[in-house]
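Here's the structure, in C-alpha cells; my notes come after.
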Amino acid sequence: MKAMILPQPRTVLVPAVLPDPEPGPGQILIGVHTCAVCRTDLHVIDGELPHPKLPLVPGHEIIGTVLDTGPGVERFRTGDRVGVPWLGWSCGECVYCRSGRENLCDRARYTGYQIDGGYAEMTVADARYAFAIDPSYTDAEAAPLMCAGLIGYRALRMADGDAVTKAERLGLYGFGAAAHIIIQVARHQGRRVFAFTRTGDDAAQALARELGAVWAGGSEEEPPEPLDAAILFAPVGALVPIALRAVVKGGVVVCAGIHMSDIPSFPYEILWGERMVRSVANLTRRDGEEFLALAARVPVRTRTTSFPLTQANEAVDALRRGIISGAAVLTV
Ligand SMILES: [Zn+2]
Ligand SMILES: [Zn+2]
C-alpha cells in the first residue's frame, strides 16, 4: 500500500510503499477514504511529543471502510464505515481505566503516534476503539469529527467546571478545525460564543460570525462582556493569563491542546475568585459515542479543504501557517 511516512521527527513526510497491514485478533483492516490533519500531527512531526513510533504513518482522524476483520471481532463487519480516533488502545486494568478515565491510562497507545495511522491507503485498528459513522456525513465531513470534534467536545464539557449554572458566555481562543465544530454544539446548547483569532485573521473571524459567534476579534482584545469560561485551542501559553483576565469568578480556562508553549507567570489575583485553569487530555470512548450522536442531531456541519494523500506535506504546511479555513483533510 502507499503511505506518507515520517522517517524522523523534524523532517518532512516521504512517500513510501509498505506491506499491506493484516488485522490481528480484535482488529479491523480499514480501507482509508479520508484522514483529517490535526495540530497534534504537527507536534509529532516537529518532535514536540517525545515517544513516536518511527518510522511512523501519522494521522488519527480516519474515515474508511472495513475490508476485513481479525479473529474475535463482532462490533463491525466487512463493508461497515468506521472512524478511528486518537485513542487506539488502553490497558483496561489500571486505576484510570477502571474509573472511566481511560484517556489518562499510562499504558494507552495512540493512533498516528504509537500506532500507524491514516496517512495511508490502509490501516488496522482495534475494533473496540473505532466508531460507527452517521450516514448523513460524507467521508471528508466526518474526518474532522474524529479529533477536532471529539476532543473539542470533551473540552466543552469541562468548560462548565463545578459551576451550578452552565457557562453561557463562552470564549474560544483559536478558531480552526476544533472551534468551528464546537461553536455549533455550543450554540445548540444555548451558549453565546466569543471567538478570538490571531490578530488580523479576517477569514477566521468571518467564519466565526457566520457560524453564529456574537463577537469575533483578535486574541489580545478584551471581549465586550466578561466570559463564563474559555477554551484555548491555540497552543499558545501566553493566552492563559489573557483568558483568565476575561473570565468571571468561578470561571474555567480549558487548555485543549496536547502541547503548548510555556505559560508566562501571572499575578495570583487573576486566578483568585475560584477561577480554574485545566487541561484536557485525549478522549474516552464514551466521549466519542456521546459526541457523534450529538453531532448528527445538531447537526454539526464541517468545512474542509481537501488535499490528495501525496500532498500531505502541503496540507501540514497550510495548517501550520494558519491558512486553512475549517479543517484540512487528506483524501485517499
Ligand atoms: Zn489503563
Ligand atoms: Zn488530534
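No lab work stands behind these numbers, since they all come straight from the coordinates. The structure displayed is predicted, hence computed values, not measured ones. Note that each Cβ is placed from the backbone with ideal geometry, even for glycine, and that neighbours are counted across all protein chains shown.
Couple of notes before you dig in:
- Each stretch of four or more DSSP H residues adds -39500 (n - 2.57); spread over every residue of the chain, this sum gives -6500 deg cm²/dmol at 222 nm.
- At the listed q of 0.18, 0.19 Å⁻¹, the Debye profile of the range 150-279, built from one uniform point per Cα, gives log10 I(q)/I(0) equal to -0.88, -0.99.
- Here the 3J(HN,Hα) profile of the range 49-59, calculated from phi with Karplus coefficients 6.51, -1.76 and 1.60 at θ = phi - 60°, is 10, x, 10, x, 5, 9, x, 10, 8, x, x Hz, Gly and Pro shown as x.
- Span per principal axis, largest first, for the Cα atoms of the range 1-80 (Å): 39, 24, 22
- Sequence of SER265, SER325 once ranked by neighbouring C-beta atoms within 10 Å, starting from the fewest: SER265, SER325
- Distant-in-sequence amide H partners of HIS60 (H built 1.01 Å from N, under 5 Å): CYS38, GLY118
- Three principal axis lengths of the range 183-237 [C-alpha, angstrom, descending]: 27, 22, 22
- Amide H partners (placed H, <5 Å) of VAL329, local residues excluded: VAL37, THR305, SER306, PHE307
- A straight chain from THR11 to SER99 at 0.36 nm per residue would run longer than the Cα-Cα distance by 27.8 nm.
- Among 46-56, 199-209, the order from most to least packed when residues are scored by Cβ within 10 Å on average: 199-209, 46-56
- Coupling constants for the range 219-230 follow from the phi torsions by the Karplus curve (6.51 cos²θ - 1.76 cosθ + 1.60, θ = phi - 60°), and in residue order they are 5, 7, 6, 7, x, x, 9, x, 9, 7, 6, 9 Hz; glycine and proline get x.
- For the range 38-45, 3J(HN,Hα) per residue [Karplus equation, 6.51 cos²θ - 1.76 cosθ + 1.60, θ = phi - 60°, Hz, x = Gly/Pro]: 9, 4, 4, 4, 4, 5, 5, 4
- Using a Förster distance of 56 Å, the FRET efficiency for GLU269-GLU22 (Cβ separation, nearest 0.05): 0.40
- Values of log10 I(q)/I(0) for the chain across q = 0.08, 0.10, 0.11, 0.12 Å⁻¹ run -0.35, -0.55, -0.67, -0.80, by the Debye formula with one identical scatterer at each alpha carbon and no solvent.
- Amide H contacts of ILE5: VAL14, ALA16, each under 5 Å away and 5 or more positions distant or on a separate chain (H built 1.01 Å from N in the peptide plane; Pro and chain starts excluded).
- Principal semi-axes of the equivalent ellipsoid, √(5λ) from the alpha carbon gyration tensor of the range 233-277, are 18, 11, 7 Å from largest down.
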